[in-house]
């Protein structure tokens with residue numbers, strides 16, 4: 001008896017690009033889930049997906065009036081998503097931009113005269129920052145230092161007091177001295193210049209941040225989630241040193257570990 005099994009699925013044409021397509025969509029969905037996991041946004045997304053499934057069900061059942069109402073609502077859904085997920089979309093695009101091939105230093109240098117030419121950027125004085133953090137840690141002086149290589153963070157710098165001074169240990173310690181009016185807030189450093197002090201930063205709502213960490217640590221996570229900057233934190237309560245990049249907080253660091261992290265950023 002001859003079977004026709006080989007011909008049952010002959011109408012299906014599967015290419016290797018289809019597998020690549022499925023893989024890329026899975027990666028995108030996984031990254032989207034990691035981005036929204038633990039936030040209020042994930043509940044909003046689930047609500048929108050539920051509404052979309054209800055609309056498709058109503059459409060299949062030929063319930064014309066309800067189908068028309070839901071269809072009009074879904075029609076403006078893209079605009080609603082952009083408004084509701086503004087911060088998440090911004091964060092996602094920053095992650096893509098920071099990790100893309102074009103963002104790599106070797107690639108950027110080949111573009112020569114672009115605005116991001118790193119040869120014209122002054123080398124960060126990491127020794128001064130390390131010395132200041134070591135002294136402030138011993139005296140339990142709270143500090144939040146934001147370091148940006150790609151952008152001046154002008155919007156955030158405008159919320160504080162303009163400094164535009166060279167990066168020195170004495171200046172950093174003076175700014176964060178508890179009796180100094182500028183001690184409360186963040187210092188923003190760009191191009192080896194202290195651009196501004198007493199700056200107000202966005203506070204992260206990431207639920208992974210431990211409850212015992214206050215506004216300094218949450219602001220450090222917030223600014224590094226929304227930009228390519230890095231942040232160094234000195235705890236006022238314990239003198240503990242912390243480092244933050246891409247929203248990832250490394251805490252309870254010794255001075256040597258902090259030094260190696262900063263030097264690695266300068267090399268990159």
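The values are calculated or read from the model by the stated rules, or taken from the named source; none is laboratory data. What you are looking at is a predicted structure, and each value in this text was computed from that prediction instead of being measured. As a convention, Cβ positions derive from the backbone with ideal geometry for all residues, glycine included, and neighbour counts pool all protein chains shown.
Data for the structure
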quantity	calculated
Pairs with Cβ under 8 Å, 6+ apart, first in region 146-165 and over 14 Å from residue 202 (Cβ atoms), second modelled with pLDDT under 90 and part of a strand (DSSP E or B)	none
Candidate set: region 112-136, residues that are surrounded by 12 or more Cβ atoms within 10 Å (Cβ to Cβ) and in a loop (DSSP other than H, G, I, E, B); chosen: the one modelled with the highest pLDDT	125
Those residues of region 243-268 which are part of a loop (DSSP other than H, G, I, E, B) and at pLDDT 90 or above, in sequence order	254
Where residue 224 falls short, out of the listed (1) surrounded by 17 or more Cβ atoms within 10 Å (Cβ to Cβ); (2) closer than 13 Å to residue 143 by Cβ	(2)
All positions within region 161-179 that are in a loop (DSSP other than H, G, I, E, B) and surrounded by fewer than 20 Cβ atoms within 10 Å (Cβ to Cβ)	168, 177, 178, 179
Residues satisfying the stated conditions in region 46-80, i.e. over 37 Å from the mean Cα position of the chain (by Cα) and under 24 Å from residue 29 (Cα atoms)	57
Residue in region 183-190 that is assigned by TED's automatic domain parsing to the domain that holds residue 216, in contact with a helix residue (DSSP H, G or I) (Cβ under 6 Å, 6 or more places away or on another chain), at pLDDT 90 or above and more than 19 Å from residue 249 (Cβ to Cβ) present	no
Test: residue in region 207-229 that is under 22 Å from residue 166 (Cβ atoms), in a loop (DSSP other than H, G, I, E, B), modelled with pLDDT of 85 or more and touching a strand residue (DSSP E or B) at 6+ places or on another chain (Cβ under 7 Å)	yes
Residue that is farther than 22 Å from residue 266 by Cβ and surrounded by 22 or more Cβ atoms within 10 Å (Cβ to Cβ), where the choices are 219, 158, 139	219
Test: residue 255 is within 21 Å of residue 125 (Cα to Cα), surrounded by fewer than 16 Cβ atoms within 10 Å (Cβ to Cβ) and in contact (Cβ under 8 Å) with a residue 12 or more places away in the chain	yes
Residue in region 47-55 that is at pLDDT 65 or above and within 18 Å of residue 227 (Cα to Cα) present	no
